[in-house]
Structure formats: C-alpha cells, structure tokens
Amino acid sequence: MSNILHITNSDSDVLTHVGANLKRLRKAAGLSQTALADASGISRRMIAGLEAGTANISLSSPVSYTHLTL
C-alpha cells in the first residue's frame, strides 16, 4: 500500500505550508534532498513532491521520521 495520498484543493494550502517548512528546515540543516531521503528512508522524488506541495504522505509516516534531526 502506498503512503501517497491524492491532493484536493482544500489540502493545497496546508501542503504548500508544510512543504515550505520542510524545505526550509532541510536547507538550514545543510542537507540535500538525497541526503534527507537517505536519512528518512523515503525517496528523493517524494521529498521533492512534498517540498513542492504536490505530494502528501499518511499521517503515520511523519511520526516515524521524528527521530531525524534537521
């Protein structure tokens, strides 16, 4: 089962905000998308989609990534 959820218009603002924060924190930590993908266990393509606000992951996934230090 995929963790990717399809986006509705009402989700767009939230996903854009979350994506911007993810990108800001990743860059502040000096990580490339590839490095973050390797550390988190999700694909670089998913990281790019999350940062662009075009992809979403299930709510259970971020909990499993809370151990990462950005």
| request: Using θ = phi - 60° and the Karplus relation 6.51 cos²θ - 1.76 cosθ + 1.60, list the HN-Hα couplings for the range 31-43 in order, rounded to whole Hz, with x at every Gly or Pro. | output: 9, 7, 4, 5, 5, 5, 4, 4, 6, 8, x, 10, 6
| In sequence order, what are the phi-derived ³J(HN,Hα) couplings for the range 15-25 according to the Karplus relation 6.51 cos²θ - 1.76 cosθ + 1.60 with θ = phi - 60°, rounded to whole Hz, with x for glycine and proline? | 5, 5, 5, 4, x, 5, 5, 4, 5, 4, 5
| query | What does the highest-first list of 19-26, 38-45 look like by mean Cβ count within 10 Å? | reply | 19-26, 38-45
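Read the figures in this text as sums done on the coordinates, not as results from a lab. Please read these numbers as outputs of a predicted model, since none were measured by experiment. FYI the Cβ positions are ideal-geometry reconstructions off the backbone, even for glycines, and counts take in every protein chain you see.
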